[in-house]
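Notes for the one structure printed next.
Taken together, the values in this text are just the output of simple stated rules run on the coordinates, not laboratory data. What you see is a predicted model, and the numbers here were worked out from it, not measured in a lab.
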Amino acid sequence: MMLSKKMAKALNGQINAEMYSAYMYLGMSAYAADKGYNGVAGWMGAQAKEEMGHAMKIYGFVQSRGAKVELDAIGKPPANYTSVLDVFKKTLKHEQHVTGLINKLFDAAKAEKDHATEIFLQWFVTEQVEEEESVTDILGKLEMAGNHPGAIYMIDRELGARATAGH
Ligand code: FEO
């Protein structure tokens with residue numbers, strides 16, 4: 001069964017949202033690298049790749065359902081942040097926003113009785129829980145570290161492990 005026009009449009013919109021996420025995290029990676037936080041830069045680089053993976057998952061799904069992939073312009077992400085804490089606060093806010101978008105898509109699929117899309121989106125629902133959880137965890141550590149450069153350095157090193165672990 002082909003995707004409805006409405007669902008195809010909504011999924012194409014989500015491809016764009018995931019690509020914007022990748023772009024935003026790439027900008028955060030650049031900010032962190034510039035400030036000497038190589039661990040955060042690596043973590044954000046890995047995050048950007050994951051977001052591109054999310055976009056490609058939807059890209060493939062749209063095509064497999066006989067609809068057309070339509071790519072829109074990607075918005076310009078912020079280039080400046082006040083601190084690593086600021087970066088992760090904005091990351092959590094952004095992921096909560098993305099969770100809202102996924103939930104809306106899920107509701108739309110349910111309303112259309114488009115079971116295939118609903119099942120496809122389940123992976124994203126679960127993924128958002130994990131993303132919000134891991135960012136909340138990092139945010140908690142950064143809040144505890146406060147303004148102690150040594151503590152922030154330790155967190156930076158810990159976050160750097162993600163890039164090498166390939167997650
Ligand atoms: Fe693709 Fe971070 O949500």
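One table, with the values for the structure above:
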read-out	value
Cα long-axis angle, helix 5-34 against the chain (0 to 90 degrees, to the nearest 10)	10
Relative contact order of the range 5-162, defined on C-alpha pairs under 8 angstrom at six or more residues apart (%)	30
Angle between the chain longest axis and helix 84-111 axis [Cα atoms, degrees, rounded to 10]	10
Cα-based helix-to-principal-axis angle, 149-165 vs the chain, degrees rounded to 10	40
Whole-angstrom gap from the range 91-150 to the range 1-65, using each part's C-alpha centre	13
Amide H within-cut-off set for SER4, under 5 Å, with H built and near neighbours excluded	none
Members of LYS89/LYS113; LYS89/LYS110; LYS68/LYS104; LYS6/LYS90; LYS35/LYS104; LYS9/LYS89 lying beyond 28 Å, as alpha-carbon distances in this model show	LYS89/LYS113; LYS89/LYS110; LYS6/LYS90; LYS35/LYS104; LYS9/LYS89
Taking the range 1-54 and dividing mean pair separation by its residue count, relative contact order in percent (alpha carbons under 8 Å, at least six apart)	38
